[in-house]
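Reviewing the structure listed below.
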Amino acid sequence: MNTNDRLEELLTRFSQGETDLDCTQKAVQDLFFTDLGHTRLDTHRRERTGYPEVIYCAGKTADQIREIMGHMRNRGINVLATRMSEAVYEELKDEFSEGHYTAGPGIFTIVCKPTEKNTKGEIAVVSAGTSDFRVAEEAALTAEFYGHAVARYSDVGVAGIHRLLASIDDIRRARVIVVVAGMEGALASVVAGLVQAPIIAVPTSVGYGANFQGLTALLSMINSCSAGISVVNIDNGFGAGFLAGMINAL
C-alpha cells in the first residue's frame, strides 16, 4: 500500500470515529518519518526516491544502531548499514542473526524483501592496490545490495600496468566502472582512456605523507584530462557503488 492509499485509509478511519485525533496525527507523521529521539528515520524515502534510508554507523552507538535497524526490519525495509565496526557487530549479531556482516568495509545487510536483479549490465569495480580493498569492497557490496552484478578487478594499479591490460577486455564489457585508487590516483585517468563506459573515481586515503589522507588522489582525479570521469569523496565507496547502480539501472 502506497502513502496516498495509507493516508486515505487513516483519514477515513478518523472521519468515521474509529481513531482519535492524536492517534491519527501520529500515524500520518509515521508515514513520512519516525522520531526515535536520537534519529528521525526517513520512512518515506524509498517511495520518494526509490531507495530506503541507509545507516551510516560511524559515530552512532550500538544502541542507536540497534533501534534504527530494528524499526526498519519491523517495517519490512531492507537494511544497508555502512562503516559498522566489528565491536558493534559483536553486540548486535545475536539480535539480528538473519543479517550478513562483511568485515573490512564494515557492511551489514538485512534483506526483508529480495531485491529485483538488474539484468541490463554489469558494474566493474577496479582497484589500484590491495590496500584499497576496503573502499573497493564497500562500493561492490553496495551495488550488489541493490541488485546489480559486479565484477571485481583488484591490484591493477599503474605501477604494473600490464596487470590492468590483462583484464581490459573484460572491464570494457561493463556498463559503469568504479575506479578506486590512492597514492597519486592515476588509475582513473588511465582506465578512462581505454573504455567507453562512464567512470566513477574514488580517491582513497591510502598513501604516504604527501598523499595528505587522499587529498592528492582527489585533486588528481578532479583534474584528469580523460573525459567521462566523475569523482566522489575520499574513501566514499558507498557513494560510488550507489551512483553506479543508479546509472546501470537507467
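The values are calculated or read from the model by the stated rules, or taken from the named source; none is laboratory data. Not measured: the values here are computed from a predicted model. Note that each Cβ is placed from the backbone with ideal geometry, even for glycine, and that neighbours are counted across all protein chains shown. Ligands, DNA and RNA are excluded from the accessible area calculation, which covers all protein heavy atoms including side chains. Shrake-Rupley method; radii C 1.70, N 1.55, O 1.52, S 1.80 Å.
From the residues 171, 99, 142, which one has its Cα farthest along the dipole of the chain in the positive direction, the dipole being from +1 and -1 charges on Cβ of Lys/Arg and Asp/Glu about the Cα centre?
The Cα lying farthest towards the positive end belongs to 171.
With a cut-off of 12 Å, note down the residues of region 141-165 whose backbone N falls inside the zone around a label point 7 Å from the Cα of residue 112 toward its beta carbon.
none
Tell me the per residue accessible area of the chain using a 1.4 Å probe; a whole number in Å² is fine.
51 Å²
Is the C-alpha gyration tensor of the chain telling us rounded, prolate or oblate? Criteria: a/c under 1.5 is rounded; beyond that, a/b larger than b/c is prolate, otherwise oblate.
Here the chain falls in the prolate category.
Sorting 23, 225, 112, 57 by accessible area (1.4 Å probe), largest first, what list results?
225, 23, 112, 57
Near residue 57, within a Cβ-to-Cβ distance under 14 Å, what is the net charge of the other residues, with Lys and Arg +1 and Asp and Glu -1?
Charge balance near residue 57 sits at -3.
Given axes a ≥ b ≥ c from the Cα gyration tensor, I'd like to know whether region 117-211 is rounded (a/c under 1.5), prolate (a/b larger than b/c) or oblate.
The shape class here is oblate.
Which of the chymotrypsin sites (Phe, Trp or Tyr not before Pro) across region 148-250 are loop residues per DSSP, with 16 or fewer other Cβ within 10 Å?
Filter output for region 148-250: 208.
Take peptides 125-137, 162-174 and line them up by average Cβ neighbours within 10 Å, highest first, as a rough protection proxy.
The peptides rank, most packed first, as 125-137, 162-174.
Tell me the net charge near residue 155. Cut-off is 11 Å between Cβ atoms, residue 155 excluded, with +1 for each Lys or Arg and -1 for each Asp or Glu.
Combined, the nearby Lys, Arg, Asp and Glu give +1.
Taking the Cβ of residue 211 as the centre, find all other residues whose Cβ is under 15 Å away and add up their charges (Lys, Arg: +1; Asp, Glu: -1).
Here the charged neighbours net out to -3.
Given an 8 Å cut-off on Cα distances and at least 6 residues of separation, report the relative contact order of region 126-177 as a percent.
Dividing the mean separation by the residue count of region 126-177 yields 38 percent.
Tell me the carbon and sulfur percent of the accessible area for the chain, rounded to whole percent, probe radius 1.4 Å.
Carbon-and-sulfur percentage of accessible area, whole number: 52.
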